[in-house]
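The values are calculated or read from the model by the stated rules, or taken from the named source; none is laboratory data. Note that the coordinates shown come from a computational prediction; the quantities given were computed from them, not determined experimentally. Reconstructed Cβ throughout: ideal geometry from the backbone, glycine too, with neighbour counts over all protein chains shown.
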Amino acid sequence: MTPHALQEALALAHQARLICPPNPAVGAVLVSPDGTVIGRGHTQQRGGPHAEIMALRDAEARGLSPRGATAYVTLEPCSHHGRTGPCCDALIRAGVAKVVASLGDPNPLVSGQGFERLRAAGIEVEVGPGAAEAEALNIGFFTRMRHQRPWVRSKIAGSLDGRTALPNGVSQWITSPEARTDGQAWRARACAVLTGVGTVLADDPQLNVRDVATPRQPHLVVVDSRLRTPTRAKLLGPGREVWIATAVQDPSRHQAWLDLGVQLLVLPDAGGQVDLVALMAELARREVNELHVEAGPTLNGALLEADLIDEWLLYIAPKLLGPGRPLATLTERSALSQTTALHFTDMRAVGPDLRLLARRAEA
Ligand code: AOF
Ligand code: ZN
């Protein structure tokens, strides 16, 4: 059974999700020996205080002492000097008696050292309650720390017969406004949104978060092997951090985009295309935890064939389009044993549409 205070810490971590990337969303609740909650906190924006510090400040602001308290936290308190100071030292200084943490921090700078330092200071440490939820909340952070790549989620809106557009490219709108707003909520929690130059040329999208209140816009990544993104594309508008992933190595061809403040990720050429595996490693280096893909069938197909999609977010409208564009362009299979096996992890109605979440069979 997850203690009530830890459930509250998980709820606080949920609240941090839009603001805190690339840091993990963490919640902390301090409970005094008589069982009263004396402080609450969650992770702040990049470079800001961690959950434990916010909870200690909350107790201080209320004039309550954390001495002898139990700290319920959804992640191992950090032990390193990063953009902020170590939380385990702050807890030790504050005199807490016990720490209950959902799970260890996979960051190699921490990974068990936070717990060790707490125990060495005589603090009782319990690990485990709420672990599954704390990890699910931070699936991108855990994937990046463990595998040096982001958690890649591809969002697709289509018809019941699996079409994302008519043959002439018309796709606005197959799914309902409710489904489109729901899709924006998933964009908002991602560190970065990824699309292909084909989509930029066809739709001139903004790919920002508009329908959901958010303190932060995700970065935007355009896969553009040959540098065809128009310099007047809407998504290059002001206030947005845009990275173009290209296989064009010649620096003299980069200037037009650099002048617009775009960052170029110059990657190896893999058969005329950007090496997508190298792209994922570069995005992890740039601290992208969750990558939200909104792309056409070519890029989705290439990502799928490279086994780089962890999760599909599918919105299916109760419409039949007949001939049209597929979800992903794949090479022909000759046996069902060669097909990509997925399993559904969630299914629900969103307005008149269906929303399905599916993961790789082994994911
Ligand atoms: C905690 N509590 O609330 C979070 C933690 O660069 P910094 O100093 O902000 O450190 C970021 C790292 O701290 C991050 O990669 C992860 O290992 C840990 N996150 N730790 O004690 C928190 N968000
Ligand atoms: Zn910390």
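One table, with the values for the structure above:
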| quantity | calculated |
| --- | --- |
| Selection count where residues are part of a loop (DSSP other than H, G, I, E, B), over 17 Å from Gly183 (Cα atoms) and touching a residue at least 40 places away in the same chain (Cβ under 8 Å), scope region 287-306 | 3 |
| Check on Arg40, among the charged types (D, E, K, R), assigned to a strand (DSSP E or B) and within 14 Å of ligand 1 (Cβ to nearest atom) | yes |
| Per-region count, region 44-72, residues surrounded by 13 or more Cβ atoms within 10 Å (Cβ to Cβ), near ligand 1 (Cβ under 10 Å from one of its atoms) and either among the charged types (D, E, K, R) or part of a loop (DSSP other than H, G, I, E, B) (or both) | 7 |
| Leu207 being surrounded by 15 or more Cβ atoms within 10 Å (Cβ to Cβ) and closer than 25 Å to Leu356 by Cα | yes |
| Complete set of residues in region 1-28 that are touching a strand residue (DSSP E or B) at 6+ places or on another chain (Cβ under 7 Å) and of a type outside the set (Gly, Ala, Ser) | Pro3, Leu6, Glu8, Leu10, Leu12, Gln15, Val26 |
| Verdict on Ser252 being in a helix (DSSP H, G or I) and surrounded by fewer than 20 Cβ atoms within 10 Å (Cβ to Cβ) | yes |
| Residue in region 15-31 that is away from ligand 1 (no atom under 13 Å from the Cβ) and within 24 Å of the chain's Cα centre (by Cα) present | yes |
| Residues of region 87-116 that turn out to be near ligand 2 (Cβ under 9 Å from one of its atoms) and modelled with pLDDT under 95, as a count | 1 |
| Output for region 241-257, where each listed residue is in contact (Cβ under 8 Å) with a residue 24 or more places away in the chain and over 27 Å from the mean Cα position of the chain (by Cα) | Arg253, His254, Ala256 |
| From the options Gly112, Gly130, Gly158, residue that is at positive phi, surrounded by 19 or more Cβ atoms within 10 Å (Cβ to Cβ) and not charged (D, E, K, R) | Gly130 |
| Inter-residue pairs, beta-carbon under 6 Å, first farther than 17 Å from Gln217 by Cβ and in region 43-57, second buried (at least 21 other Cβ atoms within 10 Å of the Cβ) and of a type in the set (Val, Ile, Thr), 6+ apart | Thr43/Val26; His50/Thr43; Ala51/Val26; Ala51/Thr43 |
| Which numbered condition Val73 fails, given (1) without any contact (Cβ under 8 Å) to a residue 60 or more places away in the chain; (2) within 13 Å of ligand 2 (Cβ to nearest atom); (3) β-branched (Val, Ile, Thr) | (1) |
| Residue match in region 139-152 (condition: more than 12 Å from ligand 2 (Cβ to nearest atom), aliphatic (A, V, I, L, M), closer than 28 Å to Gly183 by Cβ and touching a strand residue (DSSP E or B) at 6+ places or on another chain (Cβ under 7 Å)) | yes |
| Residue list for region 87-113, restricted to those being more than 15 Å from Phe141 (Cβ to Cβ) and near ligand 1 (Cβ under 8 Å from one of its atoms) | Cys87, Cys88 |
